[in-house]
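Have a look at the structure below before the remarks.
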């Protein structure tokens, strides 16, 4: 654990990430879906192309991260804007590797597994914890957002690998990742799997789950989807995210302070 800054105690430091609740997971999965459909919407409906979309979204992510890092505590709308932007950029990173650089999905998936494992290893070596309940230093926050970025890029690659490269389709792929999440939940609640490990496993797996769901809802019927399109899907999920974040802002002010102990 890192030492507290001079003149402060752990109890009066402010945690920079939200409590892990059902609402947290709902918003996270929907942000994941928006990352998948939103990227496609900007590329194809606005005709920006992959390169221009990647540049614009990267700049937007930097702006969101700047606000998040400067915030004195967890502020719901800033935090979740950052998550949505990092979801879009994580998707675009994988898309660039696949479409522009022609990197096989098997290789990009393995590479992101390695990058994420390296991030966790360095984080733990420096801080002796990977807990999200103690993100109250700048260093820990930077480790946290690096890990989040790699989980989104990894999830995109893994989701595309299962659904498209292996050919399982969106529904079966989503069911596989949903089943994996259920296994993690049972391991945590029944067999007392370590909470930090359970959180990160679930966080990684919700990315390909949300991506598979987003593709299933938005893709044409001929491609195995429901045919709602990226505009309708992105708008609907962004609206739900906005309502839930507003709820967190108005109804749950206690989440702004870090838990003691």
Mind giving me the nanometre distance, one decimal, between the label points for residue 197 and residue 168, set 7 Å out from Cα along Cα→Cβ?
-> 2.3
Per GNM of the chain with C-alpha springs under 10 angstrom, the most fluctuating residue out of 245, 88, 23 is 23
If you line up the long axis of helix 76-95 against the longest principal axis of the chain, both from Cα atoms, how many degrees apart are they, to the nearest 10?
-> 40
Between 0 and 90°, nearest 10: helix 138-160 axis offset from the chain longest Cα axis | 20
Length gained, residue 250-residue 222, 0.36 nm per residue minus C-alpha separation, equals 5.8 nm
Helix 49-70 axis, angle to the chain major axis (alpha carbon atoms, nearest 10°) = 10
Spacing of the two label points (7 Å from each Cα toward its C-beta) at residue 182 and residue 48, in nm | 3.7
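Here, each number is a calculation from the coordinates, and none is a lab measurement. Keep in mind that what you see is a predicted model, and the values were worked out from it rather than measured. Glycine gets a Cβ as well: all are built from the backbone with ideal geometry, and neighbour counts include every protein chain shown.
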